[in-house]
1. Between Ser187 and Thr82, what length in nm is gained on full extension when 0.36 nm per residue of separation is reduced by their alpha carbon distance?
2. Out of the total accessible area of region 77-194 (probe 1.4 Å, heavy atoms of protein only), what percent is carbon and sulfur?
3. Considering the options Ala173, Ala150, Leu161, tell which one lies farthest towards the positive end of the dipole of region 140-183, charges being +1 on Lys and Arg and -1 on Asp and Glu at the Cβ, about the Cα centre.
4. Work out the FRET efficiency for His159 and Arg103 from their Cβ-Cβ distance, taking R0 = 45 Å, and round it to the nearest 0.05.
5. Over region 37-194, with the other protein chains present, what is the accessible area per residue in square angstrom, probe 1.4 angstrom?
6. If you line up the Cα atoms of region 89-194 on their principal axes, what length do they span on each, largest first, in Å?
7. Amide H neighbours of Thr77 under 5 Å, at least 5 residues apart or on other chains, H built in the peptide plane: list them.
Amino acid sequence: MHDFQVHHVKRDLPCGTDKDRDSGQRAPAGKYHTTMGELVRLKGRDAGQWLHTRDSATVKEAVTQMTDANVGALVVTDDAGTKMLGIITERDYLRKIVVQGRRSDSTRVKEIMTPENRLITVEPHVNVYDAMQIMTANRFRHIPVTTTGALDDGTIWRHELLGMVSIGDVVKALIEEHQKEMAEMESYIGGGTY
């Protein structure tokens, strides 16, 4: 069983390489106990499972949807809404529309999205620290959380997508863990129990 699904990764990184994935090695969990699955559950509806756009939609429609929902990324599905085809982010918009002087109202999402074969996804049991390492090493701010084994058939179906997590969500969870740990240490040092 893999901790994360890797489709495309830069080489020589501390985590997320094909070699690590294929060997079955997992990064040590350490003291970080919050998993990505728990984070998605805590976010509830805000986890983003419902935040998706069609690949045939215009970029303007997708960016409007992101703005209205106050999110930085959308999952891209086929027109039926059943198969995950990729992800579109604010960064895609800036780099591939604004900087290149393209029109968002006539460019389709499929022309600028990050396609599924270049995505990195994580499974629910991955802890937030490992997810942060993956996101930081690969320089992205949003990561889809999928059911365990979602890519076993080579496709992520929409029902296998549990949610979308941002680097801000991950950092917030890590801060909360550190605060809890500090409180436990202060209680222990002060003679209390925890």
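1. 32.8 nm
2. With neighbouring chains kept in place, the figure for region 77-194 is 52 percent.
3. The residue sitting farthest along the positive end of the dipole is Ala173.
4. 0.85
5. 53 Å²
6. Cα spread of region 89-194 along its principal axes, largest to smallest: 66, 36, 21 Å.
7. It is Thr53, Arg54, Asp55, Leu85, by chain and number.
The values are calculated or read from the model by the stated rules, or taken from the named source; none is laboratory data. Since the structure is predicted, the reported quantities are computational estimates derived from the model, not experimental observations. Here the Cβ is made from the backbone with ideal geometry for all residues, glycine too, and neighbour counts use every protein chain on show. In case anyone asks, the SASA skips ligands and DNA or RNA and just uses the protein heavy atoms, side chains included. Shrake-Rupley method; radii C 1.70, N 1.55, O 1.52, S 1.80 Å.
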